[in-house]
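Just below is one structure, and these are the notes that go with it.
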Amino acid sequence: AAKTLGVFFSEQHSTGEAREASVDWDALLKAVSNSYDKLSRLPMSMFGRALAAAGYGISKLLYHAEFAVMPEPALQQLTRMTVKLVDRGLAPAASIESCRLPGIRSELLSGPPSAGGVGMLPWQQHITARHAVWAGRLLEWLARMPFTRKAKTPTSCPLWTLAAAEILKGHSPYVHPALTFMSACLEPGAQHIRSQPLQRLAAGMAALGSPHRTNLLDFPVGPWCRFMPLWGNPLLRLEAPLLQRPPEYQQLVLSQAQAHKAGLPDPSTDDGKYAHQEWDWQMDSRHEGGWGRIRCFPQTANIQHLQWLVTRLDRAKDAGRPLQQAVRSPEEEQAIREGRAVQPPPWNYEQRQLIYDCTTLRLMAKSLLECVPRTWRDTPWQGQPEAAMATHALTLLVRSIGWDAASVAALPKGLRTAQGRAAATAACSSKPEAWVPAAFQLQPRLQLFSEPLPLTIRLATRMQQGPWRTAVQDMHVRCIKAAMQLDTARRDDGDGEQQQQAAPPQQEVQQLLQQLRPRLKSVWKIHWSNTFKETWWRLLLEGVQAAGGHGIAVNGPCPCGWAAPANLDAPTRAAAQRDHVFWHCAPAAAVRRALAHNLPPEVQLQAKHLWLLQPPCEAVHPEVWVVVGLAALTVMASARKHMWALHMRRQEEGEDDGQRQGGGRRARHNRNQAPAQPTVAPHIAATRRAVARLVDGVRDFVDLGQVPPAWVGVVQENHAFIGVRSRPSPTNPGTDMHEIVYTMSIPDDLIA
């Protein structure tokens, strides 16, 4: 047996399970696990772990997953290992005792960080996108393969496409292989292809979503329409009943049928009455059951051959020639004229049933000819090569079904503008034939877009991320609403926590959401350590561990004394803990005081200013506030960890003191030691540390010494938090040197 690109060639028919067993998934997952174990020991942010997991882990099995079906247990194991590494930074074999609480939900980890994701490779969608691209390539090659016996197959066709064509011909011998495969791609479940690799390719194309289909009336008309395939054509759907065909086709065929009926003899005469009855019966029968019965004749493959068949049937009736001679193919007629011997046609049962009655066959052929678009049928044929015309017609049909580039969300950077799409279209153009209009030139690659655009793996992957974009947007909306509720909540005199209140206005929420999207891109472009960006990304996705992340509420009160109401459910209690950590807790309150100290007195710092990195006033440059806000949020998250660490250590020391007071050998040994010094409360120590870390965080950006171009001339030296100092350059006269300086001040009572 031989295997190439996922297709097995063997004389023995083995089962799909035996074929897939040739891939050792356990060994591949072991290699991925070893890579993850090494990556978990490196000091990286979650963005770095996501990028490294794709480059050093998942890439080890992408090839095998592309050409073989990955078992469900292996699929789940790979998902668990990847999520565990990216979100929590743990190795696959990490013990339960060392496990950290989960933060971001697994379905939110994929996607680019500039759009709100974490950067983890959506490897399942990526593999499906590879299948879709392979399906596009197969459709292109199938469209170039002739469906007649006389035409020759292009010598440049890959061998695997020839094998796929033979499989598809065996599935539907009367339909062109390209249309059979396209039907399986556009209508999942309608065509069951007896080939597992072809099923994977069709499923990959179907995963891109429901495409738009070109209207029958908008399809380009030319001499190639005479060679348009009739069977399996999604613009016509002649095999199906009339009500299941496209709406524009229903209107067109009914109008053409009425026009043809008007040209029949007068129904008041016997001949006219019989002709009208025969025509009505034939049309009603064909509209109800379709023309699937007549498609067994090769002469009905396209309009040109169908017209030839109708002409031969009329001549056979008038001249009395045998029907077997009338339905000869054009190749057989050419052989007879040249004096070559012609073998008797290998009639099948369906064809033998039809050729017994010339009248019925002629009516069926004429009614079928009247039900194709008249513009296609009446287009003059100027003697162009039949094989080239048929190839061009089929290629135009394949490329007329796809997705509009303007409606595809999150296009790659080079395709977001009309100029970029035009450049991509021009790059795909090939040298046109002399008879092909410039607007319909053949492209070297399949174009499934109305622009048209090349179907790439990156674009196909993003087309499948609609559910991810919706989930991320929902998380952003929830974060915006929580920040607005914090700003407008009624404060309690006791602990200052927010009370239950009405939902914020939807219009204001949508406005803040529209402002958040470009801010994500600008923040991601800032040249600064990603460790300062991680907390904000987690906050927007409700993914901060032990602070509302993953909807998990931590048991017990906060070391500062606050406790969530006991009557709340787990998700609401988790959201309350997030609000407490990033707004009400003692370290967070101290950080807010330090920030407000540098703002004008009339400006009140609000939660949306910090959580959404929205500048609190016009006096603060947006990018300066982004740096300060990222540092503040990072400090609040680290202060929570430090406070809980001090709290747990204090509890352990209290247990040791209890054992020491209880007596015993260890207690007698510790009596000679000096008594422990009184310790500071954990929340007070965490508060002092948070303020110091805030200063260190802002200074860390200043120490980089990089002045963003947007700051020059706008941010002055006395700007709040961070300033830009300009002075004449000693080496280049006439130019200025720009230096970034630290200008943030801290209240005296917050300095340790």
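The values are calculated or read from the model by the stated rules, or taken from the named source; none is laboratory data. These numbers were taken from a predicted model, which means no experiment stands behind them. Here the Cβ is made from the backbone with ideal geometry for all residues, glycine too, and neighbour counts use every protein chain on show. Remember, those area values only see protein heavy atoms, side chains included, never the ligands or the DNA or RNA. Shrake-Rupley method; radii C 1.70, N 1.55, O 1.52, S 1.80 Å.
Give me the accessible area per residue for the range 187-245, probe 1.4 Å, as a whole number in Å².
Result: 41 Å² of accessible area for each residue.
Could you tell me the calculated FRET efficiency between S729 and T679, based on Cβ-Cβ distance and R0 = 41 angstrom, to the nearest 0.05?
The calculated FRET efficiency here is 0.15.
At 1.4 Å probe size, what's the solvent-accessible area of K60? Round to the nearest 10 Å².
Only protein atoms counted, so the area is about 90 Å².
What ranking of M228, M737, M70 comes out by heavy-atom accessible area, probe 1.4 Å, highest first?
M737, M70, M228
Please list, ordered by chain and number, the residues whose modelled amide H lies under 5 Å from the amide H of V741; skip anything fewer than 5 residues away on the same chain.
G723, V724, R725
Please compute the net charge surrounding H126, taking Lys and Arg as +1 and Asp and Glu as -1 over other residues with Cβ under 10 Å from its Cβ.
With Lys, Arg at +1 and Asp, Glu at -1, the net is +1.
Quote the accessible area belonging to H584 in square angstrom, nearest 10, computed with a 1.4 Å probe and with ligands, DNA and RNA left uncounted.
30
Fully extended, how many nm does the chain gain between D487 and D749 (0.36 nm per residue separation, minus their Cα-Cα distance)?
Once the chain is fully extended between D487 and D749, it gains 91.8 nm.
Report the accessible area of T743, computed with a 1.4 Å probe over the heavy atoms of all protein chains in place, in Å² rounded to the nearest 10.
For T743, solvent-accessible area is about 50 Å².
Longer than 28 Å from Cα to Cα, which of K38/K521; K60/K521; K30/K521; K30/K525; K60/K84; K60/K641 are they? Say none if no pair is.
Over 28 Å Cα-Cα: K38/K521; K60/K521; K30/K521; K30/K525; K60/K641.
So, in nm, how far is label K38 from label D266 when the simple model puts each one 7 Å beyond its Cα toward the Cβ?
Rounded to a tenth, the inter-label distance reads 9.5 nm.
Order of 469-477, 689-697, 388-396 by packing, highest average Cβ count within 10 Å first?
The densest-packed peptide leads the list: 388-396, 689-697, 469-477.
Taking the Cβ of V680 as the center, what net charge do the other residues with Cβ under 14 Å away carry, scoring Lys and Arg +1 and Asp and Glu -1?
Summing Lys and Arg as +1 and Asp and Glu as -1 gives +3.
From the Cα gyration tensor of the range 555-635, with a ≥ b ≥ c the square roots of its eigenvalues, which class applies: rounded if a/c is under 1.5, or else prolate if a/b is larger than b/c, or else oblate?
Here the range 555-635 falls in the prolate category.
With r defined as the distance between the Cβ atoms of E653 and R194 and R0 fixed at 56 Å, what FRET efficiency is calculated, to the nearest 0.05?
0.20
Once the piece of chain linking E333 and V712 is laid out straight, how much longer is it, given 0.36 nm per residue of separation minus the C-alpha distance between them?
Full-extension gain reported as 128.2 nm.
Between S255 and D314, what is the spin-label point distance in nm, taking each point 7 Å from the Cα along the Cα→C-beta axis?
2.4
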